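Following: one structure in structure tokens, then a few remarks.
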Amino acid sequence: MEIPGDHVSFTAKHKGWIVAKKMEIDEKIEDIDIARLLISIRDTFTHKIYEYLDGDINIQVIEEMVNEIVPAGRLTEEKISSILATLKGGAVTRKLSEIADTKEKKDIAKAILVEKVLAKMNLAELTPKMIDKYAEKRQAL
């Protein structure tokens, strides 16, 4: 199979989920445009990963844990430190043990919990919106 010129391509079709994100890359396409597409692809499959894991790991319980760990409202530096310390604490480990019967499963559940806690604290990963705002400012200069 011959691979065409420079491009980014992500397609998926499974059950009712269909997604296609593609970009042909030429000299007019900037690296930031490629980064934005890659972040968009990552966002797409991150949400689906949780859905596919939900049969083995109770994502609902993890969501409840996130809501218990991260309070609503503005977070001070002290509160952020406390939240991060909570993630390393025994109470979290015990709760994860209730939904994960193996070490490997608990490791996955904890990673999901950490990702979701960081997101609720607004310490999440890059988003396409962030890249868009940066690109707009960059063009204005």
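In table form, for the structure just shown:
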item: Cα→Cβ-extended label distance, 7 Å offset, between ASP107 and GLN139, nm; result: 4.4 nm
item: Inverse mean reciprocal Cα-Cα distance (Kirkwood Rh) of segment 1-61, Å; result: 13.7 Å
item: Nearest-ten-degree value, helix 77-87 long axis tilted from longest Cα axis of the chain; result: 70 degrees
item: Segment ILE3-GLU98, extension gain: residue separation times 0.36 nm, minus the distance between their alpha carbons; result: 29.5 nm
item: 0 to 90° range, to nearest 10: angle between helix 90-99 axis and the chain longest Cα axis; result: 70 degrees
item: 5 Å binning of all Cα-Cα separations within segment 32-141, expressed as whole percents from 0 upward; result: 2, 10, 19, 18, 16, 14, 11, 5, 3, 1, 0
item: Crossing angle, helix 128-140 versus the chain [Cα axis fit, 0-90 degrees, rounded to tens]; result: 50 degrees
item: Estimated [θ] at 222 nm from DSSP helical runs (n ≥ 4, -39500 (n - 2.57)) normalised by residues in the chain, nearest 500; result: -20000 deg cm²/dmol
item: Separation of the GLU125 and HIS14 label points, Cα + 7 Å toward Cβ, nm; result: 1.6 nm
item: Approximate spin-label separation ILE25-GLU78, in nm, with each point projected 7 Å along Cα-to-Cβ; result: 4.8 nm
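Bear in mind that the values in this text are calculations on the coordinates, not laboratory data. Values in this document were obtained by computation on a predicted structure and should not be read as measured data. Backbone-built Cβ (ideal geometry, glycine too); neighbour counts: all protein chains shown.
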